[in-house]
């Protein structure tokens, strides 16, 4: 990977709300992790050696808490259906074009391979397809919401 491309990726991560980016190409693999500003901005305090200091649990970001809540909701929903998860980090869109008709609604019948949403990543619109047929039971993301890799997007009730 050339240095110009690497610099572009670093700039993308630093200017966005993405906390981590991993790219694998034929000539190598790059992983860029943004430092948490809350962690780096906290001044370090020295404690006297004779005073025991209890380690505080690390602070969790709002995104991590939201992802855990979405995962818990998807786990509960998975008992009655199949969960379609995001294959990438990006922005979730229900329609193929701004102001367009959503690709699916709650109650829509879908076939395996049918597009159900769009995820924009690095200015590229990626169609996300249902990996199983059935009926859309729940839509777990809002239009325009940032999504993480593996985040639940839809619950599909299996036909059968």
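The values are calculated or read from the model by the stated rules, or taken from the named source; none is laboratory data. What you see is a predicted model; the values in this text were computed from it and never measured. Cβ sites come from the backbone with ideal geometry, for glycine too, and all protein chains shown count toward neighbours.
Is there a residue being touching a helix residue (DSSP H, G or I) at 6+ places or on another chain (Cβ under 9 Å) and either within 21 Å of residue 16 (Cα to Cα) or outside the structural domain of residue 9 (by TED's automatic domain parsing) (or both) anywhere in the stretch 99-118? No, every residue in the stretch 99-118 fails to be touching a helix residue (DSSP H, G or I) at 6+ places or on another chain (Cβ under 9 Å) and either within 21 Å of residue 16 (Cα to Cα) or outside the structural domain of residue 9 (by TED's automatic domain parsing) (or both).
Checked against (1) surrounded by 10 or more Cβ atoms within 10 Å (Cβ to Cβ); (2) at pLDDT 60 or above; (3) over 27 Å from residue 154 (Cβ atoms), residue 42 meets all criteria but (2). Annotation: residue 134 fulfils all but one of (1) under 19 Å from the mean Cα position of the chain (by Cα); (2) surrounded by 16 or more Cβ atoms within 10 Å (Cβ to Cβ); the unmet one is (1).
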